[in-house]
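A short write-up of the structure that comes next.
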Amino acid sequence: MLTLERTKQKTGPPAIPKIEWPTPVGIRMPDAPAIPDLVFRRFRGEADYPGMVAVLEGSKEVDGLERVDSVEDVARTYRHLVHSDPDHDLLFAELRGKVIGYSRVWWEQEVAGGMLYGHFAHLLPAWRGLGIRRAMLRYNERRLREIDRQLPGSAEAARKDLNAWAAETEVDWRSLLASEGYAAARQHLDMVRSHLEDVAELPLPGGLEVRPVRSGQLLLVRDAADEAFHDHWGQTESEAERFLEWQGAPTFTPELWQVAWDGDEVAGGVLNYVDRAENEAYGRLRGYTENVFVRRPWRRRGLARALVARSLRMLRALGLEEAALGVDAENPNGARKLYESLGFREVQRHTTYRKPLEH
């Protein structure tokens, strides 16, 4: 297990000089702590993006997260939000004009018929432990209950759950979720193959071939992957807007995908990419063998193994030195064991936390 070096957190919140600042229109927060000049407010549009990035960048070291966020990344995400209205579903914690945290809520429908009401609450580490983040979490829950009451058809849902996500290194967030009644529902792993040496060249199952994906075939591959993931835990209904978001990202590289075809049918694929900004920030040469999928008629024939091996060999040919992917720890198709047999090892663990939505 890799560990991330963390800096010691200062005791108590940092001093912010007293300045004259126009008081924004605040949101009433019955659970908020009595901290002078602390204000909760709504989204102000693109002007908030730098503050949101500052919160993410200012939290990742203490939270043990490896991530790189830019204003462009945030802007792209918020151009393509799904089932989340930034004008009503974002909350900002602000102190004398400085954003110290923000939260957001959204809803999703599971393929299995349940409703998931997702949320997060980011807060700079120096301001944790004072009740601010708890107040934000409870605000999120109130907003999600309001959405549920207004959402057509939600009464027929098989199940309704509040849904949150935390890495094992996010100690403060995990502790807060547990204290508010959330229970661990599922674990997910980040896995890394630390070198790209000695990767066997494995044959594809008979009748299949790997061909480049043309621009007119992007949606065909996306739909095939969505179909393959339908039997995965917590899978939600596909949204075209998310694919549009990915298409605008630097990590959208269909020229690196390894897709197996049976005639004109997509049998399976690995949607590889390289995060160059992340590699530069962390001084490494890593590629991602992500979104590994095989459609049901072609399973149990060694296709996933062959495609991942092809991907690893391709990444090495590009001059990369390691590979990474994420996997459901309890994947019913044995994905974790497959990746371990191909040299991947767990480096980080994430947990999905859930709590029944109750009015």
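The values are calculated or read from the model by the stated rules, or taken from the named source; none is laboratory data. These numbers come from a predicted model, not from an experiment. FYI the Cβ positions are ideal-geometry reconstructions off the backbone, even for glycines, and counts take in every protein chain you see.
Listing for the model above:
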read-out	value
Residues within segment 148-167 that are aliphatic (A, V, I, L, M), under 14 Å from Leu357 (Cβ atoms) and surrounded by fewer than 21 Cβ atoms within 10 Å (Cβ to Cβ), tallied	4
Long-range neighbours under 6 Å by Cβ, at least six apart or interchain, first residue modelled with pLDDT of 95 or more within segment 337-353, second assigned to a loop (DSSP other than H, G, I, E, B) and buried (at least 19 other Cβ atoms within 10 Å of the Cβ)	Tyr353/Tyr182
When residues of segment 183-204 are limited to those that are among the acidic types (Asp, Glu) and out of contact with any His (no Cβ under 8 Å at 6 or more places or on another chain), the one surrounded by the most Cβ atoms within 10 Å (Cβ to Cβ)	Glu197
Helices (runs of 4 or more DSSP H) lying entirely in segment 136-253 (those with 1 or more residues that are in the same structural domain as Val292 (by TED's automatic domain parsing), in contact with a Ser or Thr (Cβ under 7 Å, 6 or more places away or on another chain) and touching a residue at least 24 places away in the same chain (Cβ under 8 Å))	240-247
Selected residue (only one of Asp48, Asp63 is in a loop (DSSP other than H, G, I, E, B), modelled with pLDDT of 95 or more, buried (at least 17 other Cβ atoms within 10 Å of the Cβ) and assigned by TED's automatic domain parsing to the domain that holds His88)	Asp63
Some residue of segment 255-269 being within 30 Å of Glu61 (Cβ to Cβ), modelled with pLDDT of 95 or more and β-branched (Val, Ile, Thr)	no
Residues of segment 31-45 classified as assigned to a strand (DSSP E or B) and either hydroxyl-bearing (Ser, Thr, Tyr) or surrounded by fewer than 19 Cβ atoms within 10 Å (Cβ to Cβ) (or both), total	1
From the options Glu180, Glu170, residue that is closer than 28 Å to Val62 by Cβ, crowded, with 18+ Cβ neighbours inside 10 Å and not hydrophobic (A, V, I, L, M, F, W, C)	Glu170
Residue within segment 176-186 that is of a type in the set (Lys, Arg) and touching a helix residue (DSSP H, G or I) at 6+ places or on another chain (Cβ under 8 Å) present	no
Residue satisfying condition, being surrounded by fewer than 16 Cβ atoms within 10 Å (Cβ to Cβ) and of a type in the set (D, E, K, R), within set Arg301, Arg310, Arg296	Arg296
Counted residues, segment 285-309 - those being charged (D, E, K, R) and in contact with a helix residue (DSSP H, G or I) (Cβ under 8 Å, 6 or more places away or on another chain)	4
